[in-house]
Amino acid sequence: MWKNVGYYNGEIGPLEEMKVPMNDRALYFGDGIYEATCVANRVPFAIEDHLDRMYNSLRLLEIPFKMEREKMKAELQKVIDAAEDAPVHFLYWQISRGVAPRNHVFPGAEVEPTLMAYVKPHAMKSMEKPYRLISLEDNRFKLCNIKTLNLIPSVLANQRALEAGCDEAVLHRGSRVTECAHSNISILKDGVLRTAPTDELILPGITRKHLLALAKENGIPTLEEPFSMVELMNADEIIVTSSSALCMKVESIDHIPVGGKDPRRIKLLQDAYLAKFQRETRK
Ligand code: PLP
């Protein structure tokens, strides 16, 4: 058992000591996809949703990964089970197109995709403490629906947020809000939960999907339509969702106070989400 566990193509060990081949295409091109979720009681949360998205990302990038779902789950469970006890773990995994000399075009059919994973203890953010956001122009490419390893615009955006003393960056294309650097964003306005539709401009977040379902179950109407920066600033509440932090309320954007006008509904959604997480990760 290790505190931080690493995995590469079936080999497991302490994360800090694991090595990967220099010709893995993830290193040169970010030529691969990834997934991540929280784990409690050694149960990975919403694993079926993450595997659905994983296989879809692989299909869209034409990566011929052959491992089927049950074997995939068993491999990830091995990594989880090799970790020392912690209240919550973070499970990350990625699949690259394989190991081959650097060349933009795909390698030959003999090259197998590689599977890499790690598990670490994870401190879940308290939903009591609201997020502060900065806003930035969304300068990403139009493959945002695929969970690829190419995250440079998100890395830069999160660095800018940190430098501004904030937690996340909300991105917009012109006036249209897309999502955040590593989260989706939704608003509550006049009792309706509104979030951008799942087109090529946003990642179809698992937490976003669960939030929409929970809203419906709790009698909150939903609308999957784009909204503008002006609508964001005037929303009753703003909710940022991701697998690592679940549902965070937002208190400011660019240091201007926002939201705070529908505390009952946002609390209902946060509580419902936490209850779902706890229920589904119970042993
Ligand atoms: N949008 C982007 C760009 C992300 O990177 C992420 C998570 O990593 C999300 C949204 C949230 O997705 P999920 O709820 O599946 O974690």
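The values are calculated or read from the model by the stated rules, or taken from the named source; none is laboratory data. Predicted, not measured: the structure shown is a model, and the values here were computed from it. Every residue, glycine among them, receives a Cβ derived from its backbone with ideal geometry; neighbour counts consider all protein chains shown. Note: accessible area is taken over every heavy atom of the protein model, side chains too, but ligands, DNA and RNA are not part of it. Shrake-Rupley method; radii C 1.70, N 1.55, O 1.52, S 1.80 Å.
What's the Cα-based Rg to Rh of the range 5-121, Rh via Kirkwood?
On the Cα set of the range 5-121, Rg over Rh gives 0.97.
Compute the long axis of helix 47-60 from its Cα atoms, compare it with the longest principal axis of the Cα atoms of the chain, and write down the angle in degrees, 0 to 90, nearest 10.
70 degrees
Can you tell me the orientation of helix 69-81 relative to the chain, as the angle in degrees between its alpha-carbon axis and the longest Cα principal axis, to the nearest 10?
For helix 69-81, the angle is close to 90 degrees.
Return the carbon/sulfur percentage of the accessible area of the range 5-121, one whole number, probe 1.4 Å, all protein chains in place.
56 percent
Given a 1.4 angstrom probe, what's the average accessible area per residue across the chain, in square angstrom?
Working: 13250 Å² over 283 residues.
Heavy-atom SASA per residue in the chain reads 47 Å².
Cα convex hull of the range 131-280: mean projected area in nm², to one decimal?
Averaging across all directions leaves 8.2 nm² for the Cα convex hull.
In bins 5 Å wide, starting from 0, what share of all Cα pairs of the chain does each bin hold, as a percent?
Histogramming the chain at 5 Å steps yields 1, 5, 12, 15, 17, 17, 14, 9, 6, 3, 1, 0 percent.
Could you quote the convex hull projected area for the range 188-227, Cα atoms only and averaged over all directions, in nm²?
Working: hull surface 10.8 nm².
Across all orientations, the range 188-227 yields a mean hull projection of 2.7 nm².
Just the number, please: carbon plus sulfur as a percent of the accessible area of the range 131-280, 1.4 Å probe, no ligands or DNA/RNA counted.
Summing carbon and sulfur atoms, their accessible area is 55 percent of the total for the range 131-280.
What is the spin-label model distance, in nm, from Lys216 to Glu16 if the labels are put 7 Å beyond Cα along the C-beta direction?
4.7 nm
Rounded to the nearest 10 degrees, what's the angle between the helix 206-217 long axis and the longest principal axis of the chain, both from Cα atoms, 0 to 90?
40 degrees
Springs between alpha-carbon pairs under 10 angstrom, Gaussian network model over the chain: which of Val119, Val240, Val155 fluctuates most?
Maximum among the listed residues: Val155.
So, in Å, what gap is there between the alpha-carbon centers of the range 92-123 and the range 1-49?
10 Å
Tell me, in nm to one decimal, what length is gained between Ser228 and Val155 on full extension, where the rule is 0.36 nm per residue of separation less the Cα-Cα distance?
23.9 nm
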